Amino acid sequence: MSAQPDPTPAPAAPYAPAPGVAAELLARLRAGRPAQQWVPAFERDWAKALEDARPAFSLTPLHEVVRTWQLRVAAAPDADDFMDSGQDHSDVVDLDDVLGGRP
């Protein structure tokens, strides 16, 4: 038995989206049913991330916007199915509370 603690693994860094993923995501949003709401929201988030990224020369804020919107797009069909199911949804948690809201 060793008295030494097990080394803690380094936290995994979030992946960096491939170049062009944001443009592909925006095209998907424009083609989708909630385009009138989602496209302006994505563009607002993207503009804010650009402002945050410039002084730090960091792409992290842009990557976070892409990851958040990928999750929103992926969850949308399930959320729509639930809302259309007629079940009680008075205790539903806001997606921004789960994914992290816009600042």
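With a 1.4 Å probe and every protein chain kept in, tell me what percent of the accessible surface of the range 54-99 is carbon plus sulfur. Write out the running numbers ahead of the final one.
Values: 1840 of 3310 Å².
The nonpolar share, carbon plus sulfur, comes to 56 percent.
How much length, in nm to one decimal, is gained on full extension between Arg44 and Val92, taken as 0.36 nm per residue of separation minus their Cα-Cα distance?
Stretched fully, the Arg44-Val92 segment lengthens by 14.8 nm.
The values are calculated or read from the model by the stated rules, or taken from the named source; none is laboratory data. In this text the structure is predicted, and so the values were computed from the model without any measurement. We work out accessible area using only protein heavy atoms, side chains counted, and drop any ligands, DNA or RNA first. Shrake-Rupley method; radii C 1.70, N 1.55, O 1.52, S 1.80 Å.
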